[in-house]
1. Which one of 29, 76, 98 has its Cα pushed farthest toward the positive end of the charge dipole of the chain, where Lys and Arg give +1 and Asp and Glu give -1 at the Cβ?
2. Through the Karplus equation 6.51 cos²θ - 1.76 cosθ + 1.60, θ set to phi - 60°, convert the phi angles of the stretch 43-48 into ³J(HN,Hα) values in whole Hz; use x for Gly and Pro.
3. Can you tell me the dipole magnitude for the chain around its Cα centre, using point charges on the Cβ only (Lys, Arg +1; Asp, Glu -1), in Debye to the nearest 20?
4. Could you work out how far apart the two model spin labels at residue 101 and residue 7 are, taking each label as a point 7 Å from the Cα in the direction of the beta carbon, and quote it in nm?
5. List the relative contact order of the stretch 30-112 as a percent without decimals, with contacts defined as Cα pairs under 8 Å and 6+ residues apart.
6. Kirkwood hydrodynamic radius for the chain: how many Å is it when counted over pairs of different Cα atoms?
7. Would you grab the residues whose amide H sits under 5 Å from the one on residue 56? Only those 5+ places off in sequence or on another chain, please, with H modelled 1.01 Å from N.
8. Report, by chain and number, residues whose modeled amide H sits under 5 Å from the one on residue 100, excluding near sequence neighbours (fewer than 5 apart, same chain).
Amino acid sequence: MNPTTELVHFAGRGLRKAGRFLMDWHSLSGIWFDVGVFRFDRTHSQALYNPSLCGFAFEPNLQLATKLFGALPNIVVAPMAVSETDGCAEFNITAPPAFSSRLAVDDANVRQ
């Protein structure tokens, strides 16, 4: 390589390192859990602007979860629900996807 090319590569590496430092400086870090992510509107901007943040998004509706796969490199999407008890349970998907739940869809649950 000629000296000009080496200088350009050296400067590029320095700028890349400075950019990574600035992205991590005063940014959020750690692990976030987003349960019932739906449209990913609450944590998307935080994960986008804080690359050191690792997020796990849980969305049991597979149709919604497939839209979130690969959205950001620091977010892992799990197409499953989170509960306080172990095991498997029935998940009821409704026409408006924001209202899907483990609760059965009937009049008694509307009042709860």
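No lab work stands behind these numbers, since they all come straight from the coordinates. The structure displayed is predicted, hence computed values, not measured ones. A quick note on method: Cβ atoms are made from the backbone with ideal geometry, for glycine too, and the neighbour counts reach across all protein chains shown.
1. Checked the options; the winner is 29.
2. Along the stretch 43-48, the couplings run 10, 4, 5, 5, 5, 5 Hz.
3. Details: 9 positive and 10 negative charges, 125 e Å.
So the magnitude is around 600 debye.
4. With each label point 7 Å from Cα toward Cβ, the separation is 6.8 nm.
5. Numbers: 109 pairs, mean separation 20.5, N = 83.
It rounds to 25 percent for the stretch 30-112.
6. Details: mean 1/r = 0.0582 Å⁻¹.
Result for the chain, one decimal place: 17.2 Å.
7. 32, 33, 34, 76
8. Those qualifying (amide H under 5 Å, at least 5 residues apart or on another chain) are 94.
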